[in-house]
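Worksheet: the structure to be examined is printed underneath.
The values are calculated or read from the model by the stated rules, or taken from the named source; none is laboratory data. If you're wondering where the values come from, they're calculated on a predicted model, not measured in any experiment. Every residue, glycine among them, receives a Cβ derived from its backbone with ideal geometry; neighbour counts consider all protein chains shown.
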Amino acid sequence: MDEYQYEWGHATVAYPDWVGTAQLDQKLTGPVDIYDLTGVDRDEWLIIGLDFGGGETGMHTPHVIAVRKSELAERRIYEMPNIRAADIQIHGVEPFELLQRITHLLDMRFRIRSVRDATITITELLDVPPQDEPDDVAPDEPAPAEPEPADPLTLAAQVMTQADKLQPKAFERGYNISFNVSGEFGSGEDPVAEYVVWRIDQRPDNNNGRSFSSAQAVQNYLTELAQLPRYRLDLLGDPQVREETDSEQPFSVITDTVSGSEFYVRIMDIEASTELFMHAEEPPGGSWVLDNP
């Protein structure tokens, strides 16, 4: 063990042309965790930091910052203003593999140094090259034909991808998209996919949504919903957000602290939401008001 001492702080490079921040929501379930992946002894160490770097030749070997549990004694880590830790270089594990295996959600944002303290307001959302929006497709225009998967797992992966692509458009209308795939290996029967579209003011386990057999049918339905009146709910105070899982599909529950009403959204970045929208024939209950989009 090499004796070494330096203060581990923010990321630094010689010429920081780009500066930024990163946050990671760790995956809490799965066959392996960060200790299994890195080989760090969980009984001896508490991992408190990750250190990634790279250059023109590629990514460097990842490091973890860890505290010996014997150093903690009876204290909790958050009670310690000064922490003595070890920088452990991890061999045999690719940085991106480590990130992918432990990440539930990851957000990294960089900006050029000259605007590091400026407030940046996004006023346009564009694609390069331009992409067709679901609303640009006529309701009766068929989606490109895809080969039918021969097994439930392959079909489930395909359906999940389609549902994830359509979810942002559904959320704009106040709805969610979940899915089910039924079928057994070796049964001789083709697996069956079902997309379910349900309102954000409905629990995902209430079975109140509308079912569709294809992503194209869901797309057509979202186009129809966009023609209905749009209602708005202002989330006053400090809305609370928690995460739940139903049928292995995660979603966020956002609670309006004023009314106590709960709304269910398939996992998205809604931490900073101050309002919700819904397209519907009739006004939703509670404090929803008609909104002019």
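Give the residues of region 77-90 that are loosely packed, with under 12 Cβ neighbours inside 10 Å and without any contact (Cβ under 8 Å) to a residue 24 or more places away in the chain, sorted by residue number.
TYR78, GLU79, PRO81, ASN82, ARG84
If a residue must be assigned to a helix (DSSP H, G or I) and either basic (Lys, Arg) or modelled with pLDDT under 85 (or both), how many such residues does region 78-95 contain?
Looking only at that region, the number is 2.
Suppose we keep only residues that are modelled with pLDDT of 65 or more and surrounded by fewer than 15 Cβ atoms within 10 Å (Cβ to Cβ) within region 265-286. Which one would you say is nearest to LEU225 (Cα to Cα)?
GLU281
Among the numbered criteria (1) surrounded by 12 or more Cβ atoms within 10 Å (Cβ to Cβ); (2) touching a strand residue (DSSP E or B) at 6+ places or on another chain (Cβ under 9 Å); (3) among the aliphatic types (A, V, I, L, M), which one does VAL93 miss?
(2)
Can GLU74 be described as surrounded by 10 or more Cβ atoms within 10 Å (Cβ to Cβ), assigned by TED's automatic domain parsing to the domain that holds LEU24 and without any contact (Cβ under 8 Å) to a residue 40 or more places away in the chain? Outline the logic, then answer.
Numbers: surrounded by 10 or more Cβ atoms within 10 Å (Cβ to Cβ): no; assigned by TED's automatic domain parsing to the domain that holds LEU24: yes; without any contact (Cβ under 8 Å) to a residue 40 or more places away in the chain: yes.
For GLU74, the condition - surrounded by 10 or more Cβ atoms within 10 Å (Cβ to Cβ), assigned by TED's automatic domain parsing to the domain that holds LEU24 and without any contact (Cβ under 8 Å) to a residue 40 or more places away in the chain - is not met.
From the residues in region 1-38 that are within 19 Å of LEU50 (Cβ to Cβ) and of a type in the set (Phe, Trp, Tyr), which one is modelled with the lowest pLDDT?
TYR4
For region 98-114, name all the residues that are outside any strand (DSSP E or B), in contact (Cβ under 8 Å) with a residue 40 or more places away in the chain and of a type outside the set (Lys, Arg).
Hits for region 98-114 are LEU98, LEU99, ILE102.
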